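J.: Supplied in structure tokens, the structure appears directly below.
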Amino acid sequence: MASEFRCGYVSIIGRPNVGKSTFLNSVLGQKVAIVTERPQTTRNRLVGIMNRPDAQIIFIDTPGIHEPKNLLGKLMVRSAREVIGDIDLVVFMTDSGSSIGADKEILALLRDLEIPVFLLINKIDAMKKAELLPIIGAYSGIFPFREILPVSAKSGEGVDAVIEKIRDNLPEGPKFYPEDMVTDQMERFMAAEIIREKIMLKTSEEIPHSVAVEVLEWKERGDGLVSISANIYVEREGQKGIIIGKHGSLLKMIGTAARHDIEQLLGTKVFLQLWVKVRRDWRDDKRALQDLGYN
């Protein structure tokens, strides 16, 4: 007899920069979350939908839980914590570089849940096998995880085994989303995130966390080309100059890289216009955060 169809929501939580978004992209086999080496890249909850013949697994990628330094940070942490309450399974992710003490504080939020909690130890491609056992021992001593699974979200090692375990622990039931749906994010949001990713990859120091992107105009022309214009907001005049670069060189590089990825996302040619504007201290401005979609 064939196994019953299963469907459920799975939250991916953990400290910043442990690889949550990389894991989500690896699971789905395509990019729905932007990824950089910088902590706190993810600012919004992202939904990624995995469709299988025997299951629909709805992953929710959350901002990393950290000590917030501004209003934006507080909203990010609140968003991550709110996801915990109404789901079917939690994937808690850590890596060899994480602080067990800091993770312990997050795990305290999960202690009273009556749902399975998995521990994923990520980045095993960057550690020796002898280093893995002490990590497993330390974490198994502080929380009753249903499963402890080592993975490399970057290479894909162990990811298939995680999916099988998740599927087996979800409730039986029909799918919640259409079979061809991979994310519930709108194309405008995805385009803005791609632009922000390219800025983060091509700038340094304080610039990435000071940047927000707002898509102003989205026009689909008769010949199939999509015309997009967007504002890049920074908090200081000096940051504006850095992003534009000498004679506009860096902004042009950002635009070219972003346009390439947006064309892959949309499956059509894109004309992309970018402007850089100063919106002082927007990360601590409630009105600015609302305007930019950080509620």
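None of the figures in this text is laboratory data; all of them are computed from the coordinates on show. What you are looking at is a predicted structure, and each value in this text was computed from that prediction instead of being measured. Positions of Cβ are generated from backbone atoms using ideal geometry, with glycine treated the same way; all protein chains shown enter the neighbour counts.
J.: Go through region 180-234 and name the GluC sites (Glu not before Pro) that are in a DSSP coil and have 15 or fewer other Cβ atoms within 10 Å of their Cβ. Intermediate results must be reported in sequence, preceding the final value.
T.: Working: sites: 187, 193, 197, 205, 206, 214, 217, 220; in loops: 205, 206.
Counting only loop positions with at most 15 other Cβ atoms within 10 Å, the GluC sites (Glu not before Pro) in region 180-234 are 205, 206.
J.: Let me ask you something else. Does region 149-295 come out rounded, prolate or oblate, given a ≥ b ≥ c as the square roots of the eigenvalues of its C-alpha gyration tensor, rounded meaning a/c under 1.5 and, failing that, prolate meaning a/b above b/c?
T.: On the way: a/c = 1.90, a/b = 1.58, b/c = 1.20.
Prolate, because a/c is 1.5 or more and a/b exceeds b/c.
J.: Follow-up question, since we're still on this one. Counting other beta carbons within 10 Å of each residue's own, what order do 167, 221 fall into, fewest first? Mind showing how you got there, number by number?
T.: Numbers: 167 20, 221 11.
Lowest to highest Cβ neighbour count: 221, 167.
J.: Past 20 Å, Cα to Cα: identify those pairs from 198/286; 240/286; 246/277; 202/269; 202/252; 20/154, in the order given.
T.: On the way: 198/286 26 Å; 240/286 22 Å; 246/277 16 Å; 202/269 23 Å; 202/252 11 Å; 20/154 10 Å.
Among 198/286; 240/286; 246/277; 202/269; 202/252; 20/154, the Cα-Cα distance tops 20 Å for 198/286; 240/286; 202/269.
J.: If you don't mind, there's one more thing I want to ask. Quick one: what are the phi-derived ³J(HN,Hα) couplings along region 151-157, Karplus 6.51/-1.76/1.60 with θ = phi - 60°, whole Hz, x for glycine and proline?
T.: 9, 10, 4, 6, 8, x, 4
J.: A further question on this structure: Taking the Cβ of each residue in 209, 247 as the centre, tally the other Cβ atoms inside 10 Å and list the residues starting with the fewest. Don't skip to the end; give the middle numbers.
T.: Working: 209 19, 247 8.
Lowest to highest Cβ neighbour count: 247, 209.
J.: Can you work out the Karplus-derived ³J(HN,Hα) for every residue in region 167-176? Use 6.51 cos²θ - 1.76 cosθ + 1.60 with θ = phi - 60°, whole Hz, and x for glycine or proline.
T.: 4, 5, 9, 8, x, 6, x, x, 6, 9
J.: Could you work out how much longer the chain between residue 175 and residue 277 gets when fully extended? Use 0.36 nm per residue separation minus the Cα distance between them, nm to one decimal. Present the calculation step by step, with values, prior to reporting the outcome.
T.: Values: separation 102, 0.36 × 102 = 36.72 nm, distance 4.32 nm.
Answer, rounded to one decimal: 32.4 nm.
J.: Multiplying the sequence separation of residue 5 and residue 30 by 0.36 nm and subtracting their Cα-Cα distance, what value in nm do you get?
T.: Numbers: separation 25, 0.36 × 25 = 9.00 nm, distance 2.35 nm.
Difference between extended and current length: 6.6 nm.
J.: Among 201, 119, 24, rank each residue by its count of other Cβ atoms within 10 Å, from fewest to most, as a rough exposure measure.
T.: Values: 201 16, 119 23, 24 26.
Going from least to most buried by this count: 201, 119, 24.
J.: Using θ = phi - 60° and the Karplus curve 6.51 cos²θ - 1.76 cosθ + 1.60, what whole-Hz ³J(HN,Hα) does each residue of region 263-280 get, with Gly and Pro shown as x?
T.: So the J values, rounded to whole Hz, are 4, 5, 5, 8, x, 7, 5, 10, 9, 10, 10, 10, 10, 10, 10, 8, 10, 4.
J.: Scan around residue 55 for amide H atoms under 5 Å from its own, H built in the peptide plane at 1.01 Å from N, and keep only partners 5 or more places away or cross-chain.
T.: Excluding prolines and chain starts, which carry no amide H, the hits are 6.
J.: In addition: Loop only per DSSP, at most 11 neighbouring Cβ atoms within 10 Å: give me the GluC sites (Glu not before Pro) in region 129-180, ordered by residue number. Please report the intermediate quantities before stating the final value.
T.: Details: sites: 131, 147, 157, 164, 172, 179; in loops: 157, 179.
For GluC sites (Glu not before Pro) across region 129-180 that sit outside H, G, I, E and B with at most 11 neighbouring Cβ atoms in 10 Å, the list reads 179.
J.: Taking a ≥ b ≥ c as the square roots of the eigenvalues of the Cα gyration tensor of region 116-222, is the shape rounded (a/c under 1.5), prolate (a/b larger than b/c) or oblate? Walk me through the intermediate numbers first.
T.: On the way: a/c = 2.83, a/b = 1.46, b/c = 1.93.
Oblate, because a/c is 1.5 or more while a/b does not exceed b/c.
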